[in-house]
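Structure record follows, encoded as structure tokens.
The values are calculated or read from the model by the stated rules, or taken from the named source; none is laboratory data. In this text the structure is predicted, and so the values were computed from the model without any measurement. With ideal geometry, Cβ positions are generated from the backbone for all residues, glycine too; neighbour counts draw on all protein chains shown.
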Amino acid sequence: MTNPYVPLLILMGIALILAIGGVVASALIGPKKYNKAKLEAYECGIQPTPHAAEGGKFPVKYYLVAMTFIVFDIEIIFLYPWAVDFAHLATFGVVAMLSFLALITVPFLYEWRRGGFDWA
């Protein structure tokens, strides 16, 4: 009888070998010549802006977009398994999901008031 963790350890070993192998292959095969254009920061075709000595500040809009992604990503992560196993969860599942959606509404409304959905 074998240890049940052996397949997991083998899979982790293969993943580690592939990850390290990809980094090594990239270093060996990749281009060695760099020019000024390749070393510049890419900002969607716009000329890069100089950064302040203190590091500068990101606009609040940046954080609102990130918060939108996180809120909706977490919502989908929890809604998908609930929808798949909806029949077995019965009333408890419905109450739990309604309370979760009520809690998710709070950051949604906050972001709406802050203008996070105004993309212009």
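Which pairs turn up if I take residues in region 96-114 that are in a helix (DSSP H, G or I) and at pLDDT 85 or above and look for partners that are of a type in the set (Asp, Glu) and surrounded by 13 or more Cβ atoms within 10 Å (Cβ to Cβ) with beta carbon separation below 7 Å, at least 6 apart in sequence or on another chain?
These pairs meet every condition: 104/75.
I'd like to check something: does region 44-60 contain any residue that is within 26 Å of the chain's Cα centre (by Cα), in a helix (DSSP H, G or I), modelled with pLDDT under 80 and not hydroxyl-bearing (Ser, Thr, Tyr)?
Yes, region 44-60 contains a residue that is within 26 Å of the chain's Cα centre (by Cα), in a helix (DSSP H, G or I), modelled with pLDDT under 80 and not hydroxyl-bearing (Ser, Thr, Tyr).
Suppose the filter is surrounded by fewer than 11 Cβ atoms within 10 Å (Cβ to Cβ) and either modelled with pLDDT of 85 or more or not small (Gly, Ala, Ser) (or both); does residue 68 pass it?
no
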